[in-house]
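To start, the structure under review is shown below, and the notes come after it.
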Amino acid sequence: MKAGLGLPTALATTIALLTYAINPSRAADPQPRFPNDPVPTYPNTAPPPVGIPLPNQERAQPETDARVSTLLQDYSGHLWVGTWKGLTQLDPNTGRIIARVPIPSSLTGALAQDKSGRIWVGTTEGIVRIDLRTKKVTAQNFALPSNRVLSMVLDKRGYLWVGTDKGIVLISPDRALIMSTIQDLPGVSANAMQIDENGHLWVGTLEGIVQIDTKSGYLMNVMENIPGGAVQSLAIDDRGSLWAGTPGGLTEINAETARITGSAKSLDGQNVLSLKRDRVGSLWVGSASGLVRINPKNGAIVGQIAGLPSSRVLTLSPDAGNKLWV
């Protein structure tokens, strides 16, 4: 395992890089208005005042870094690191900091990239859009039903779904304005979101899982019998099965029938905080007790990682190679 890769000391204690062997044999396989309706024309959202660029790597102070809450590898292969105190772009090959991006709220909760390549940052005060070339904020929205953003995902049409602690918001990436909201969400808080092969939205809440038709906004299924209760993380494996991480373990769900089909017995009682599928089909599971790799076909642990900077794994990001950022 490699950790840090030349990162500042404080950041190196909260982010690590793992290299895993590529071995396919071990891998598993009121009614809102939505985009189909006429869309009115809105003025462009005014960007915030230009901020002073943060120091580069050589001049960085340890106190500028904090706990890593979210990770995203962009289309060019660069890694975006959201922490409790800001946003940083890294070169994953060297660990060199490319840019520190000033944002209105430093505490980040979610990251996403739209089809035009722009980076969306969910914070405790709303969302902002970053131009990939200039690293400047070009749009923002601080008028969500709740500005505490917990999750974000792009649907197959390119629209941005934003999960907050008081419901879900559909955002137009070009305007950064609200197109629709779902505020009467069972379980209230949209802790995690995934889009399945059919384009349906799965939402992990405080009370279970909700399935939503992204075209109409209708709730298709509500699952309140998830072992462990609150769903903190979601992932979809190569077979299309949905995996839900809770404070009590990891549960497998058939995305076609919205029924529980099994669980990773070896993780029963574990507080599962983060989930990611890698490019060979394995499922990485981050918990309050560390990091393991499982075979989604049978839920068996096929690898356990020791020596992480912290045993509490909040976020994961496999890159285009055989590496995993933690």
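The values are calculated or read from the model by the stated rules, or taken from the named source; none is laboratory data. Computed from a prediction, not measured in an experiment: that's the story for all the values here. Reconstructed Cβ throughout: ideal geometry from the backbone, glycine too, with neighbour counts over all protein chains shown.
With respect to the conditions (1) surrounded by fewer than 17 Cβ atoms within 10 Å (Cβ to Cβ); (2) assigned to a loop (DSSP other than H, G, I, E, B); (3) of a type in the set (Val, Ile, Thr), VAL231 lacks only one, and its number is (1).
Of all residues in the range 262-275, those satisfying the criterion of being in a strand (DSSP E or B) and at pLDDT below 95 are GLY262, SER263.
Just one residue in the set ILE226, ILE253 is under 26 Å from SER289 (Cα atoms), out of contact with any Pro (no Cβ under 6 Å at 6 or more places or on another chain), in a loop (DSSP other than H, G, I, E, B) and aliphatic (A, V, I, L, M); that residue is ILE226.
Quick check on THR315: is it in contact with a strand residue (DSSP E or B) (Cβ under 7 Å, 6 or more places away or on another chain), surrounded by 19 or more Cβ atoms within 10 Å (Cβ to Cβ), closer than 23 Å to ILE209 by Cα and modelled with pLDDT of 95 or more? For THR315, the condition - in contact with a strand residue (DSSP E or B) (Cβ under 7 Å, 6 or more places away or on another chain), surrounded by 19 or more Cβ atoms within 10 Å (Cβ to Cβ), closer than 23 Å to ILE209 by Cα and modelled with pLDDT of 95 or more - is not met.
Within the range 65-83, being assigned to a strand (DSSP E or B) and not polar (S, T, N, Q) holds for VAL68, LEU71, LEU72, LEU79, TRP80, VAL81, GLY82.
Quick check: is even one residue across the range 218-228 of a type in the set (Ser, Thr, Tyr) and buried (at least 18 other Cβ atoms within 10 Å of the Cβ)? No, that holds for no residue. Report whether or not ALA258 is over 22 Å from VAL68 (Cβ atoms) and at pLDDT 90 or above. The answer is yes for ALA258. Looking across the range 155-193, the residues that are aliphatic (A, V, I, L, M) and over 21 Å from ILE103 (Cα atoms) come down to ILE168, LEU170, MET179, ILE182, LEU185, VAL188, ALA190, ALA192, MET193.
Taking strands (runs of 3 or more DSSP E) as the structural unit, those lying wholly within the range 282-326 and holding at least 2 residues that are in contact with a Lys or Arg (Cβ under 8 Å, 6 or more places away or on another chain) correspond to 283-287, 300-305.
Among the residues of this structure, LEU316 counts as one that is within 19 Å of the chain's Cα centre (by Cα) and more than 14 Å from GLY249 (Cβ to Cβ).
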